[in-house]
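Visitor: Encoded as structure tokens, here's the structure I'll be asking about.
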Amino acid sequence: MSQTDELTNRTLTLKRTFSAPIELVWEAWTKPEHIAQWWGPKGMEINVVEHDFRVGGQWKYTMDMPDGNQFVTDGVYSVIVELEKIFSSANFKPMTEGVEIQALFERNGDKTNFTFNCIHATEEYCKQQEQMGFYNGWGSVFDRLETFVSAISQQ
């Protein structure tokens with residue numbers, strides 16, 4: 001098996017086209033006040049604890065769960081190319097740890113083509129995460145992002 005095949009077997013990918021210019025979608029990913037509006041499941045309040053948007057910078061967001069527990073997401077930025085891509089390590093405790101997330105942005109006129117990759121340490125872990133609801137979970141988060149950027153672009 002080639003390295004490319006092996007990486008593909010460890011990666012879950014979602015693609016969307018957002019009805020907003022790339023600059024706005026980029027801001028939604030890079031400004032803490034915007035992240036707090038869409039990151040996470042519908043109905044959950046997101047607290048941006050840390051957001052050091054630079055290569056090597058850390059980020060940490062929390063959500064209070066209905067059962068009183070706290071859901072913590074954190075990571076470290078490894079690649080940032082303005083209006084093009086953001087790569088980061090990521091933990092979504094207590095469900096997912098030790099993954100890399102990649103947000104890829106592409107201008108499409110007044111819209112934005114977006115690709116989200118989540119790379120897991122092993123193929124088995126990747127399959128487990130898919131079965132746990134990766135596509136529905138992240139799909140709903142990106143629905144919120146679409147609603148957020150569409151509303152702002154119409155202002």
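Values in this text are rule-based calculations from the coordinates and carry no lab data. Source: prediction; values computed, not measured. Note that we place each Cβ from the backbone using ideal geometry, even for glycine, and neighbour counts take in every protein chain shown.
Visitor: Would you please classify the overall shape of the range 3-153 from the alpha carbon gyration tensor, given that a ≥ b ≥ c denote the square roots of the eigenvalues, rounded means a/c under 1.5, and beyond that prolate means a/b larger than b/c while oblate covers the rest?
Guide: Cα axes put the range 3-153 in the rounded bin.
Visitor: Something else about it: With the contact rule set at Cα under 8 Å and sequence spacing of 6 or more, what percent relative contact order holds for the range 1-140?
Guide: 27 percent
Visitor: While we're here: Give the peptides 24-37, 131-144 in descending order of average Cβ contacts within 10 Å, highest first.
Guide: 24-37, 131-144
Visitor: What size of dipole, in debye to the nearest 20, comes out for the range 1-57 about its Cα centre when the only charges are +1 on Lys and Arg C-beta atoms and -1 on Asp and Glu C-beta atoms?
Guide: Dipole of the range 1-57, to the nearest 20 debye: 200 debye.
Visitor: Let me ask something else about it. Under a 10 Å cutoff between Cα atoms, tell me which one of Ala103, Ala90, Ala121 has the largest fluctuation in the Gaussian network model of the chain.
Guide: Answer for the Gaussian network model of the chain: Ala121.
Visitor: Another question, then. With helices defined as uninterrupted DSSP H runs, which ones in the chain have an alpha carbon span along their own long axis of at least 27 Å and mean Kyte-Doolittle hydropathy of at least 0.0?
Guide: In the chain, the long hydrophobic H runs are 134-153.
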